[in-house]
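Visitor: One structure follows; several queries about it will come next.
The values are calculated or read from the model by the stated rules, or taken from the named source; none is laboratory data. Remember, it's a predicted structure, so these values are computed and weren't measured experimentally. Every residue, glycine among them, receives a Cβ derived from its backbone with ideal geometry; neighbour counts consider all protein chains shown. Accessible surface is based on the protein model in full, side chains and every heavy atom, while ligands, DNA and RNA are left aside. Shrake-Rupley method; radii C 1.70, N 1.55, O 1.52, S 1.80 Å.
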Amino acid sequence: MARQKALIKGLKFRFVMLVCGIFLSIIGMQVFADTSGKIREIRNAQIAEAANAASDVARDLQEPLAGTALLPELENPQFVETMLPILGAHLTSSLPLMIAAILVCLGLLSRFTRPLSRLSEQLNAIAAGKQENSIVIDGPSEVRALGSSINAMMRTAKSNIDEIHELAYVDPTTRLPNREYFRNELTRAMCRAVRVKVSGALLFVDLDGFKKVNDTLGHDFGDKLLAAFADRISKIVRVEDTVAYQDFKDSDQKATDEDGREKQVLARLGGDEFTILLGEIREETDAAQVARRIINSTARPFVIDDKEIRVGVSVGIATFPRDGETYTEVLKSADMAMYLAKEEGKNTFRFYSEELNEKASLRLEIESDLREAVARDQLELYLQPKVKCDDGRPVSFEALIRWHHPEKGTIQPGEFLKIAEETGLIIPLGDWVLRQACAYIKELEDMGLDFPVAVNISTQQFEQEDFADMALKIVRDQGIQAKHLEIEITESMAMNNPARALEHFRKLKRARIRIAVDDFGTGYSNLSQLSRLPFDVFKIDRSFVEGISDEFDTHGKAIVRTILAMAKSLDYETVAEGVENEDQREFLADLGCDYAQGFLFAKPMPAALAFNWLKRQNVQNRSETNLITSAKKFRAA
């Protein structure tokens, strides 16, 4: 803009100098013509006088008359006296004409300079950010053409700027502000909260069950669900308080509502994670009320492509500046609170607390140590026997992982397996467990024992396209008989993607690997689908077995009877988990349960102890068998 101003000023100056030069030249020519005549008269008189004195001088004087310059005559007083009246007369007569001419020229000049000045002012306004203004120029066609060109350039620039804003700050799926926009808004709201001594809140919202929708119905369907969820939540959070992209450029003016309180901002961070900024709250119940409205809104199913989809939400709430002084700290606090809501049953909300921070720190330590646990030989696979339910004879083992931490001691699977699943460590950890279990099978085979080992498979492992091929490769690498390996999966894993599950099962069954449904009765219990999958074993969850000892729990016993009857009709073997007393064993045995495992028979133990226990059991069983045989022979005699 400064350069354009300089060009306009330079144009004005050059035009004025040109006009002045033209008029001075005209006047100079007139003066020169008049004064030349007077000079010639004076010179002719002088020549005549000189001719009387000397004829040779007259000749010298007459020759240069035509080309002699005026400057030498300035020394002659008579010349000056002659010139002054002439110049004065011409200036007096020419001055009105000169003034009129200058005024006309200035008028002509203003036809260019005024439009250019207006153009400069409008360009300055555009440079200051008022890009919605268009340039309107009245003037010569050249200047109007310049204004039109600049208008076209500004329209293109504005379109590009809008597109850049959209790419930088708008989520394309939901049309909500994105993570970067939310970061700016939360940072601004936190600064204001400290400045005016108020509190605000951040709600971290995560959809429950969204992964299942994505995996079963596809990502395009999942995107439609996210858009529908965003639209519904935008109506739950006050519409006038929701800052969407169309409000982005006016966010400074719209940052507060009519009462002077901070506006609310709904944004999508990514995936199925959304955030809501409450820039100012009077008390924590304000945030809780918004969370309840969001949770209640998901009670109604979403109808997408003529399909009804039900999802819940888990909400974590953090307040600022109490729960964090920076964007990262507050977001982390709300995220931890959201995970607590998921752990406590989902479809609910929880507030952040310092206790959560301590748990999160411990969680980070476990995650970091778990990455090195395999390399440092801190993991060990324990074996728990399964026995025949009627006589207690051992028939197989179940492999259960344990972690011997050098500082924290033995860490139970419930403390680190969930972390492994959330961080992706469950894949290499699961592979290690499967290899180690096959190594134990090899030892049992080398001992001459026909004794299978069951291995629990994680959801992430089972969802891999090449899971069955990977398992078969490990079996080949260890050189064991495939029939001695049993794969345990939960019914929910089988129902997540029945087609993929069936493909895995067919490959495993062709190799004679056995397949068991773990914790039956606690998942989907889609009997129609389950009946189509080629399982070998149903495992009755320990929660049902515990109810057997309760004389008032008739429903639990009825469920166990139903499971056993159904398994028998489908020709599945049955295993009861968590058998801890003789009453439970007798009840199960009377109903025809095939196998049992639990503390009544043996706890999980290291492989060496498990092998020694098995040897003792085999010797004892052989002795009991010999006694029974002798008694039969004695009675026959």
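Visitor: Modelled label-to-label distance, R293 and V196, 7 Å Cα→beta-carbon offset: nm?
Guide: 2.0
Visitor: FRET efficiency for I164 and N124, Cβ-Cβ distance as r, R0 = 35 Å, nearest 0.05?
Guide: 0.95
Visitor: Ordered by residue, what ³J(HN,Hα) values in Hz, to whole numbers, does segment 438-453 give under the Karplus form 6.51 cos²θ - 1.76 cosθ + 1.60, where θ = phi - 60° and Gly and Pro are x?
Guide: 5, 5, 5, 4, 4, 5, 5, 5, 5, 7, x, 9, 8, 9, x, 10
Visitor: For the pair S117 and R532, what calculated FRET efficiency results from E = 1/(1 + (r/R0)^6), where r is the Cβ-Cβ distance and R0 = 60 Å, to the nearest 0.05?
Guide: In this case the efficiency is close to 0.10.
Visitor: Evaluate the charge dipole of segment 320-365 about its Cα centre and quote only its size in Debye, nearest 20, assuming +1 on the Cβ of each Lys and Arg and -1 on the Cβ of each Asp and Glu.
Guide: Its charge dipole is roughly 240 debye.
Visitor: Is the C-alpha gyration tensor of segment 433-534 telling us rounded, prolate or oblate? Criteria: a/c under 1.5 is rounded; beyond that, a/b larger than b/c is prolate, otherwise oblate.
Guide: Prolate shape, in that a/c is at least 1.5 and a/b is the bigger ratio.
Visitor: What distance in nm separates the simple spin-label points at E358 and T156, each placed 7 Å from Cα in the Cβ direction?
Guide: So the label points at E358 and T156 sit 6.4 nm apart.
Visitor: Kindly write out, for segment 182-199 in residue order, the coupling ³J(HN,Hα) from the Karplus curve 6.51 cos²θ - 1.76 cosθ + 1.60 (θ = phi - 60°), rounded to whole Hz, with x marking Gly and Pro.
Guide: Karplus values, whole Hz, x for Gly and Pro: 5, 4, 4, 5, 5, 4, 5, 5, 5, 5, 5, 4, 5, 5, 9, 6, 10, 10.
Visitor: Counting only C-alpha contacts under 8 Å and six or more residues apart, can you give the relative contact order of segment 533-578 as a whole percent?
Guide: Across segment 533-578, relative contact order equals 59 percent.
Visitor: Compute, for H404, the solvent-accessible surface of its heavy atoms (probe 1.4 Å) with the complete set of protein chains present, and express it in square angstrom to the nearest 10.
Guide: H404 has an accessible surface of roughly 60 Å² with all protein chains in place.
Visitor: Calculate one ³J(HN,Hα) per residue across segment 168-180 by plugging θ = phi - 60° into the Karplus curve 6.51 cos²θ - 1.76 cosθ + 1.60, and present them in order as whole Hz with x for glycine and proline.
Guide: 7, 10, 10, 7, x, 6, 9, 6, 9, x, 9, 4, 5
Visitor: Can you list the residues, at least 5 places off or on another chain, whose amide H is less than 5 Å from the amide H of E280, using H built in the peptide plane?
Guide: A201, E262
Visitor: Could you compute the FRET efficiency for D571 and D466, with r as their C-beta to C-beta distance and R0 at 22 Å, rounded to 0.05?
Guide: Approximately 0.15, to the nearest 0.05.
Visitor: What is the spin-label model distance, in nm, from E582 to K212 if the labels are put 7 Å beyond Cα along the C-beta direction?
Guide: 4.3
Visitor: Extension gain T173-S148, at 0.36 nm per residue separation less the Cα-Cα distance, in nm?
Guide: Value of the extension gain: 5.3 nm.
Visitor: Regarding segment 415-456, what are the three Cα extents along the principal axes, ordered largest first, in Å?
Guide: 40, 14, 11
Visitor: Something else now. Report the far tail of the P(r) of segment 300-383, meaning the percent of Cα-Cα pairs longer than 23 Å.
Guide: Within segment 300-383, distances greater than 23 Å cover 47 percent of Cα pairs.
Visitor: So who's got an amide H within less than 5 Å of the one on M605, skipping anything under 5 residues away but keeping other chains? H placed 1.01 Å off N, in plane.
Guide: L383, Q384
Visitor: Right, something else. Under the rule of at least 5 residues apart or a separate chain, name every residue whose amide H is placed under 5 Å from the amide H of I304.
Guide: Long-range HN contacts for I304: I309.
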